Each structure stands twice: as C-alpha cells, then as structure tokens.
C-alpha cells in the first residue's frame, strides 16, 4: 500500500493537464512537500507506468528535460511536442508560457 506522501504526489501528477508542464519542486510543493523534489522523482521512478502518471510533463526547475540524450530525452521531448508544448532542441521549455500552477 502506498504511503500518504506517495498518494498525494500521485494525485498532483495526475492533474497536470495536456500541454502543460511543472517542475519536480513545484509538484512537490503542490503536494504539500516543500523541498520534496526528490520524493517526486522517486514516485515517478517507482510508479509512473503502473499508475499511468504523465511523467513526461515534469521538468527541472529551469524548464529543462532531466533525462539524458539516449536515456529518454528524445521520447520525453517528442511526447511534449505532441501535446503542443514548445521544446527547444536542447530540451528547454518556457515555464512562463507552458507551466502549470496547479489550478
């Protein structure tokens, strides 16, 4: 059974709409976990697939894709582009334009 923290993180992640992105830290804050960015990463790593979480909508606080080229970068960029999110060739997204504030 998942912990209350995991459940709260999953609930926030499940609400991120198509065409929007959020940083790991902002997702943690929305789940009531200031400074909990690493917990968000752990939840994604352990349950993104089985809980059908939109892992591709999470980015670093500077709006960049955290995954390395050849290690998921290309897939994440393609999924975001498919949703209408503009992603630079280097993997950066304008958070002011595409960022989700949790509302």
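Could you tell me how many of the residues in region 69-103 are under 15 Å from residue 55 (Cα atoms) and surrounded by fewer than 11 Cβ atoms within 10 Å (Cβ to Cβ)? Selection size over region 69-103: 1.
Under the condition of being free of Cβ contacts under 8 Å to residues at least 60 places away in the same chain and not in a loop (DSSP other than H, G, I, E, B), the residues counted in region 68-95 number 11. Among the residues here, residue 20 does not qualify as under 16 Å from residue 100 (Cβ atoms), surrounded by fewer than 15 Cβ atoms within 10 Å (Cβ to Cβ) and in contact with a helix residue (DSSP H, G or I) (Cβ under 9 Å, 6 or more places away or on another chain).
On the stretch given as region 38-51, residues that are surrounded by fewer than 19 Cβ atoms within 10 Å (Cβ to Cβ) and at pLDDT 95 or above total 3.
The values are calculated or read from the model by the stated rules, or taken from the named source; none is laboratory data. Everything numeric here is computed off the predicted structure, so don't read it as measured data. Every residue, glycine as well, gets a Cβ built from its backbone with ideal geometry; the counts of neighbours run over all protein chains shown.
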